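Below: the structure, in structure tokens.
Every number here is computed from the coordinates shown, using simple stated rules; none is lab data. Because the structure is a prediction, the values reported are computed rather than measured. Counting neighbours? That spans all protein chains shown, and the Cβs are built from the backbone with ideal geometry, glycine included.
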Amino acid sequence: MNNRAIYADLISKKFDNQYIIKDLSLSLKKSENALLIGRNGIGKTTLLRLLAGVTRTNTGNIEILGNPIHDNKTRSSIAYMGPGDAFYKHLSGYENLTFFNSFLNFRTNKKLDDLLKEVDLWEARNVAVKNYSTGMKKRLSISVSMLQKAQIYLLDEPFKGLDDYGKNILNKYLKKLKKKNKTIFLVSNLFEDMDDFESVYELVSASRLERKK
Amino acid sequence: MNLLKTTLVIFSESLFSLRKKFGRFLGLFLLSIMFIIVFEVAYEPSPKDLVNFLPGLIWVTSILSSSIGILKIWDDEENESLLDFLKSSPLDRGGIVLGKSLWGAFLCFLITIATFLMTFFFFDYTLTAEQVIFLLIVIVFSSIAFGFLGGIFGALSLGLNFRNILLPLFLYPLAVPILMSSINITKDIITDGLLVGNWFYILFVYSFVQFLLVFGLGEKALDS
């Protein structure tokens, strides 16, 4: 039986005729939690966007749980949290969460309330996201990730912009995911404790991904 | 999530957002009124001239006002992170473009209806029930053609440099067939009470082609 959660075979991606990712292969098994590190601008975000199916590879193919990535059903097994603020800024935190809930999971309003309380945004639930601070937006991103019932969690710089309180919330969430045997692939340069991860990869260049642990 | 459900999700989000962006919609509506008032004050047509004059005024005004709205329908998704999130979600990508295009068509429909009402009010022109129904049919087809044109080109131009300049440059020349056919059909309806003619076929085929473009190329447009 196929035990691979993510399988990327010789994938390449180029922008303006320059390879950002070139002939890279990667395999993560189910329930593996891995950290991806690397210099700024080396292509970590591009790699994660490829694995999330946001952008297409120029060559090579990606399989998620044994299925091709560019399939609506396959994408429902991925929870992707990008590095930026993926919100409708004129809507409030609660309205954003309600909208995402309408196609991600159809959870009850009570559950949405609980999620906002968990990330400490309950008091600010009716405030437009454009008025949120960086940390608040990040916590809202975490709540959107919590909303999803995915198998694979692709998290790009989730700690960036969070204070100690926010980091605590995120660490608790990551522990929960690990307990539930979810596959986690986290990109970060800020993560101090690599011991928390089963495996650590470093993207050294466009064509070299080294396993450090 | 299938195409139809995604279309509904995206359309209802846009409809819900209208509450928050009502000022923008009101601005488009006021722009239409301003055009009509300026023309009425500056040029007082005789009843005979009115039938030649009104269709052009109405359609140029509503296409101009609608285009400002159409150019803004992908504004939120210009935020790359939001677009990435939507693309990584189980939403059907073709449905995202279809939902936005449908919203664009709805916006055009509202603005054109408002422009028609205001024009007939200011120029004190009355219509028969049959003429009203025929005009509604023309407005529906022209809204689909223009809204879907804006939807697909808006998706294609996402992430492009100078998008705000390039998009109108593509959009306006392609809107000429819609404008010409709508003006001529409206003139035929007002003067002879006729709907179906060569211009109607042109508008029908053009809106159908736009619909097929969005349906067939929506996913590819978003991927590009």
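Which value, to two decimals, describes the C-alpha radius of gyration of segment B:23-110 once divided by 2.2 N^0.38 Å? Could you put the intermediate results ahead of the total?
Working: Rg = 18.2 Å, N = 88, 2.2 N^0.38 = 12.1 Å.
Expressed relative to 2.2 N^0.38 Å, the Cα Rg reads 1.51.
Note on residue A:207/residue A:4: beta-carbon distance plugged into 1/(1 + (r/R0)^6) with R0 of 22 Å gives a FRET efficiency of 0.55.
What do you get for chymotrypsin sites (Phe, Trp or Tyr not before Pro) in segment A:96-199 restricted to DSSP loop and a cutoff of at most 11 other Cβ within 10 Å of the site's Cβ? Answer in residue order: A:106.
Rounded to the nearest 20, the size of the Cβ-charge dipole of chain B about its Cα centre is 320 debye, with Lys and Arg at +1 and Asp and Glu at -1. Ordering A:208, B:93 from the fewest to the most neighbouring beta carbons within 10 Å gives A:208, B:93. Note on segment B:25-72: semi-axes of the ellipsoid equivalent to its C-alpha gyration tensor, largest first and rounded to whole Å, are 23, 11, 6. Under the rule a/c < 1.5 gives rounded, and otherwise a/b versus b/c splits prolate from oblate, where does segment B:117-156 land using the Cα gyration tensor? Taking the square roots of the gyration eigenvalues as a ≥ b ≥ c, segment B:117-156 is oblate.
Given N residues in chain A, what is Rg(Cα) / (2.2 N^0.38 Å)?
1.01
The order of B:180, B:118, A:81, going from fewest to most other C-beta atoms within 10 Å of their C-beta, is B:180, B:118, A:81. Fully extending the segment from residue A:98 to residue A:29, taken as 0.36 nm per residue of separation minus the present Cα-Cα distance, adds 21.6 nm.
Given Cβ point charges of +1 (Lys, Arg) and -1 (Asp, Glu) and nothing else, what value in debye, to the nearest 20, does the dipole of segment B:66-183 about its Cα centre take?
Magnitude of the dipole: close to 160 debye.
Using only Cα coordinates, the Kirkwood hydrodynamic radius of segment A:89-196 works out to 14.3 Å.
Candidate cross-link partners of residue B:100 among the aspartates and glutamates, defined by an alpha-carbon separation under 15 Å and a same-chain spacing of 8 or more, comprise B:13, B:75, B:76, B:77, B:78, B:92, B:219.
What trypsin sites (Lys or Arg not before Pro) in segment A:6-88 are in a loop by DSSP, with at most 16 other Cβ atoms within 10 Å of the Cβ? Can you show the working numbers first?
Values: sites: A:13, A:14, A:22, A:29, A:30, A:39, A:44, A:49, A:56, A:73, A:75; in loops: A:30, A:39, A:56.
In loop regions of segment A:6-88 (DSSP not H, G, I, E or B), the sparsely surrounded trypsin sites (Lys or Arg not before Pro) are A:30, A:39, A:56.
Remark: spin-label model distance residue B:60-residue B:117 equals 2.5 nm, labels positioned 7 Å along the Cα→Cβ axis.
For segment A:1-39 and segment B:146-185, what is the separation of their Cα centres, given in Å? Between the Cα centre of segment A:1-39 and that of segment B:146-185, the gap is 39 Å. In chain B the Cα-Cα distances spread across 10 Å bins starting at 0 as 8, 33, 33, 18, 7, 1 percent of all pairs. Quick one: Debye curve from the C-alpha atoms of the protein assembly as shown, no solvent, what's log10 I(q)/I(0) at q = 0.08, 0.12 Å⁻¹? Taking Cα atoms of the protein assembly as shown as identical point scatterers yields -0.54, -0.98.
On the beta carbon distance between residue A:118 and residue A:61, with R0 = 41 Å, the FRET formula returns roughly 0.65.
Most simply put, the protein assembly as shown has about 55% antiparallel DSSP beta bridges, counting only bridges with both residues inside it.
A DSSP coil position with no more than 14 other Cβ atoms inside 10 Å describes the following chymotrypsin sites (Phe, Trp or Tyr not before Pro) in segment B:65-165: B:125, B:162.
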